[in-house]
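The values are calculated or read from the model by the stated rules, or taken from the named source; none is laboratory data. Remember, predicted model here, so these are calculated numbers, not experimental data. All Cβ positions, even for glycine, are placed from backbone atoms using ideal geometry, and neighbour counts span all protein chains on display.
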Amino acid sequence: MNILKMTTGVALVSLFAAAALAHGGATGIVKERMDGMSAMKDSMKILTPMMQGKTPYNAQTVRSEAKKIGRHAGESMTKLFPEGSDGKPSEAKSEIWQDWGSFAELARQLESYSEGLVLAADNGLMMSGSGHGSGMMGGASMMGGGSMMGAGMMGGSPNQAQLSEMPADGVFMMLSQTCSACHTQFRSE
């Protein structure tokens, strides 16, 4: 009986140790934000091949994964970066706190683009010839979406109404560029 208890105890300790090592021993708020980043990464892994036409387009999946990303963006993200929470095992650069305004703006943009992707999900892909789009985007309206994307980017970020009219992959491209910009500027690889 004592051997069974000891074996179970060792197994539980090993299980908890493995879970802690999954994020380099992170605990507390650092682990919480790493878990959020992992959730967004998982959503991006589902959405990327769909947006590239490599897997069948599914508007419901796009909405669901965009909502998951949105739950970890904006203020939900920034509140997980209190001052002094850098250093190992965190991958956050000290530049986050030195340029908080830029970091917070990228977090806000990520939230906005994830909400926009939810709204644009039924629009399908820009290249309707791929067979993965919803068919709602005709040749003329694709040009309008492209022009809108260009105008929105030149005059600042597009608003939710503009995003809702764009092809889903156009909104996704802005979302993924925001992730990339944040990682380049604020994450040590």
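Could you tell me which residue of the stretch 59-98 is farthest from Ser43 (Cα to Cα), considering only residues that are part of a loop (DSSP other than H, G, I, E, B) and in contact (Cβ under 8 Å) with a residue 60 or more places away in the chain? The qualifying residue farthest from Ser43 (Cα to Cα) is Lys88.
The residues listed here are Met174, Met149, Met153; of these, the one that is at pLDDT 95 or above and under 25 Å from Met40 (Cβ atoms) is Met174. Does Ser114 satisfy the criteria of being hydroxyl-bearing (Ser, Thr, Tyr), within 21 Å of Ser157 (Cβ to Cβ) and either touching a Pro at 6+ places or on another chain (Cβ under 6 Å) or surrounded by fewer than 18 Cβ atoms within 10 Å (Cβ to Cβ) (or both)? Taking the combined requirement at face value, the residue does not satisfy it. Of the residues making up the stretch 48-83, those that are closer than 28 Å to Trp100 by Cβ and hydrophobic (A, V, I, L, M, F, W, C) are Ala66, Ile69, Ala73, Met77, Leu80, Phe81.
Taking the stretch 71-91 as the range and being at pLDDT 95 or above and either in contact with a Phe, Trp or Tyr (Cβ under 6 Å, 6 or more places away or on another chain) or surrounded by 14 or more Cβ atoms within 10 Å (Cβ to Cβ) (or both) as the test, the residues that pass are Arg71, His72, Ala73, Gly74, Ser76, Met77, Thr78, Leu80, Phe81. If you go through the stretch 100-129 and keep only what is at pLDDT 95 or above and not in a helix (DSSP H, G or I), you end up with Gly124, Leu125.
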